[in-house]
1. For segment 48-67, how many residues are under 21 Å from the mean Cα position of the chain (by Cα) and open to solvent by less than 70 Å² (accessible area, probe 1.4 Å)?
2. Write out, first by first residue and then by second, each pair whose Cβ atoms fall under 6 Å of each other, whose residues are 6+ apart or on separate chains, and whose first residue, in segment 101-117, is assigned by TED's automatic domain parsing to the domain that holds Met61 while the second is open to solvent by 100 Å² or more (accessible area, probe 1.4 Å) and modelled with pLDDT of 95 or more.
3. Hey, can you tell me all the residues within segment 68-127 that are surrounded by 15 or more Cβ atoms within 10 Å (Cβ to Cβ) and small (Gly, Ala, Ser)?
4. Kindly provide the set of residues from segment 245-276 that are under 17 Å from Leu210 (Cβ atoms) and in a strand (DSSP E or B), ordered by number.
5. Return the residues of segment 150-176 that are assigned to a strand (DSSP E or B) and either farther than 16 Å from Asn250 by Cα or hydroxyl-bearing (Ser, Thr, Tyr) (or both); say none if nothing qualifies.
6. Run down Leu191, Leu210, Leu201 and say which single residue is under 21 Å from Thr241 (Cα atoms) and free of Cβ contacts under 8 Å to residues at least 24 places away in the same chain.
7. Residues that are outside the structural domain of Leu150 (by TED's automatic domain parsing), in contact with a strand residue (DSSP E or B) (Cβ under 8 Å, 6 or more places away or on another chain) and under 25 Å from Ser181 (Cβ atoms): does segment 3-20 have at least one?
8. So which residues in segment 1-37 are open to solvent by 20 Å² or more (accessible area, probe 1.4 Å), within 23 Å of Leu201 (Cα to Cα) and aliphatic (A, V, I, L, M), if there are any at all?
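The values are calculated or read from the model by the stated rules, or taken from the named source; none is laboratory data. All of these numbers come straight from a predicted model, not from anything done at the bench. Using ideal geometry, Cβ is built from the backbone for each residue, glycine included, and neighbour counts are taken over all protein chains shown. Ligands, DNA and RNA are excluded from the accessible area calculation, which covers all protein heavy atoms including side chains. Shrake-Rupley method; radii C 1.70, N 1.55, O 1.52, S 1.80 Å.
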Amino acid sequence: MGKIIINGDLKSRSDVKVDIEDRGYQFGDGVYEVIRVYNGELFAGDMHLNRLIDSAKLIQMKVPFTIAEIKTRMKELIAENQLKDGIVYMQLTRGVSARTHSFPTAEVEPVFVAYTKEMPYTGKMKPGVNAVTTDDIRWLRCNIKSLNLLGNIMAKQQAVEAGCDEAIQHRDGTVTEGSSSNVSIVVDGQLKTHPATNLILNGITRQVMLKLCADHGIPYVEEAFTVEDMMAADEVLYTSTSVEVTPIINIDGQSIAAGEPGPITQRLQKLFSEEIEKQCGSIK
Ligand code: PDD
């Protein structure tokens, strides 16, 4: 894991302990981000850091650093840990204070922690995966990248127990998103994905993908679709910082179309890897 950052200091993992009254530990009272690193460079770093600030604002939590400061510290961390391909994980909790549900007093400072993890990147297109569907049991502020992930965890566990990669959540039959990803379908050449409302996390990968659609003439619409629409779609795909753009070829044991990655998904995978090279340099 190498070094970690805690509140602006670079330390060894073994030198850092979580206080039992850290509100992140006791209540999940905090927000987080996962940013991909390719070639030692942050991918879509500003978009992620802006979302971190937005999430903090939405839970009325102060952020003791500017985006530029966080970015500089993240670059130092990447250099210190000699990270080429991987992720930076960062979280901000409402600080350490005697346990009471309401916010602590104003002098309690948030606790910021960041670390890196290696994740190899080959530049090769990811093959199709299997998924299950499940009820979306989460709260109604899914646009906040909150540390409270119980609903997401329960959903992902169902996928794992079914031998699948992802659980696709729905509210009364309307697909929202994956347990840790956004989901899109392709019908008659048009990509469709849930609008960025309070019911989904507005994924950075999702936003980059929609920009690629706009720039390259791939028709898309941000519109909710049902589980039924999805099962009958020509293509299903999911996106996130870790899976990038990945086809879903089987859901609940049923093949999607021919059960193979479709042409639009493959085109988006190619465009996405070009975008990575554009932002982070060529992948060897
Ligand atoms: N998860 N929706 C949910 C519920 C997520 O947790 C994530 C990301 C996404 C995709 O967002 P992005 O494209 O910005 O990664 C959508 C991260 C990777 C995680 O929790 O590890």
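1. Final tally of qualifying residues: 11.
2. none
3. Correct list: Gly86, Gly95, Ser97, Ala114.
4. Answer for segment 245-276, where residues must be under 17 Å from Leu210 (Cβ atoms) and in a strand (DSSP E or B): Val245, Thr246.
5. Of all residues in segment 150-176, those assigned to a strand (DSSP E or B) come to 166-171, 174-176.
Within segment 150-176, His170, Arg171, Thr174, Thr176 qualify.
6. Answer to the check: Leu210.
7. So far as segment 3-20 goes, no, none of its residues is outside the structural domain of Leu150 (by TED's automatic domain parsing), in contact with a strand residue (DSSP E or B) (Cβ under 8 Å, 6 or more places away or on another chain) and under 25 Å from Ser181 (Cβ atoms).
8. Val34 - this is the single residue of segment 1-37 that is open to solvent by 20 Å² or more (accessible area, probe 1.4 Å), within 23 Å of Leu201 (Cα to Cα) and aliphatic (A, V, I, L, M).
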